[in-house]
1. Confirm whether Arg71 is of a type in the set (Lys, Arg) and without any contact (Cβ under 8 Å) to a residue 60 or more places away in the chain.
2. Taking the residues in segment 132-181 that are surrounded by 22 or more Cβ atoms within 10 Å (Cβ to Cβ) and assigned to a loop (DSSP other than H, G, I, E, B) as candidates, determine which candidate is nearest to ligand 2 (Cβ to nearest atom).
3. When the residues of segment 4-48 are filtered to those that are more than 16 Å from ligand 1 (Cβ to nearest atom) and not in a strand (DSSP E or B), which remaining residue is farthest from Leu181 (Cα to Cα)?
4. Among residues belonging to segment 157-176 that are touching a residue at least 24 places away in the same chain (Cβ under 8 Å) and more than 16 Å from ligand 1 (Cβ to nearest atom), point out the one that is farthest from His188 (Cα to Cα).
5. Which one of Glu186, Glu228 is more than 24 Å from Ala58 (Cβ to Cβ) and among the charged types (D, E, K, R)?
6. On the basis of being surrounded by 12 or more Cβ atoms within 10 Å (Cβ to Cβ), assigned to a helix (DSSP H, G or I) and either basic (Lys, Arg) or modelled with pLDDT of 95 or more (or both), does Ala202 make the cut?
7. Say we look at segment 41-93 and pick out the residues that are charged (D, E, K, R) and within 11 Å of ligand 2 (Cβ to nearest atom); which of these is farthest from Leu153 (Cα to Cα)?
Amino acid sequence: MKAGPILRIEALRKDFRANNGTPVEAVAEVTFDIPENDFVCIVGPSGCGKSTLLRMIAGLETATAGRIDYRGETISRPHREIGMVFQEYSLLPWRHVLDNVSLGPEFLGAPRAEREAKAMEYLRLVGMEDFSRAFPHELSGGMRQRVAIVRALANDPDVLLMDEPFGALDAHTRILLQKELLRIWENHRKTILFVTHGVDEAIYLADRIMVMSARPGRILDVIDVDMERPRLRAHTSYGPLAERILTILEQEAAAAFRDTAAAKHEQE
Ligand SMILES: Nc1ncnc2c1ncn2[C@@H]1O[C@H](COP(=O)(O)OP(=O)(O)OP(=O)(O)O)[C@@H](O)[C@H]1O
Ligand SMILES: [Mg+2]
């Protein structure tokens, strides 16, 4: 018998209330399954609810409606086996690298020697072992992001939620970290849900790409990326896939622009 999906998202919705009291529909009604060990990328226009969706799955935001099932069980709060790497660097500035990485195991009461040994193992994985005693302000952006990734890995989550983890990096570092992430994913068999603005990045990484609409976010298209890894950006499928996704994103951006203009006109 084939096992069910590791994550099942059903009719998930999120409404916020802005400071002036007006309701903001952030995520419309989203339904999808993630099979175990899949690498899924989410792309969508800015403000369409991608971070909100991830934060709901991480249990950091309550859903207005809908359901999140993890291995067949409905969850509504942070789950030990679901880890998150945030959109902005989120290291604790007063802790050095090793203590940042061993934060999760420390909360769980792991003995110091054990958690530090594990943290060092993960730091080695991303070539950061020589910086274990450095503080976040002493690191470059790419190094900080590596630490943030291994900090999530140190909790040994089955599912890794990643919110534009490479967004702020230069192109060269981004490509290096994409490779590293694929290596980690292949060796440690994680399930990854990865938000990105980079269509190229999504095609390089994902088994499947979900394209979201402008706010309120819905899933407009789900694209299987049927290319062997390591993927070459010169592959003949690359261009047409990118074109398909960019066309949808452009239409969505135009629709969002028209909505904003219409709302402004109404106010005047
Ligand atoms: N705590 C909050 N209170 C009110 N509105 C919020 C809150 N968090 C997010 N929103 C609104 O919800 C919508 C979706 O935000 P979200 O951060 O999920 O977008 P996003 O797709 O991640 O955007 P980006 O690509 O720019 O990161 C936006 O309109 C945002 O203003
Ligand atoms: Mg976001």
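1. no
2. So the residue we want is Pro165.
3. That would be Gly4.
4. Looking at the filtered set, the residue picked out is Asp170.
5. Only one candidate passes the filter, namely Glu228.
6. yes
7. Result: Lys50.
The values are calculated or read from the model by the stated rules, or taken from the named source; none is laboratory data. Bear in mind the structure is a predicted one, so any value in this text is a computation, not a measurement. Using ideal geometry, Cβ is built from the backbone for each residue, glycine included, and neighbour counts are taken over all protein chains shown.
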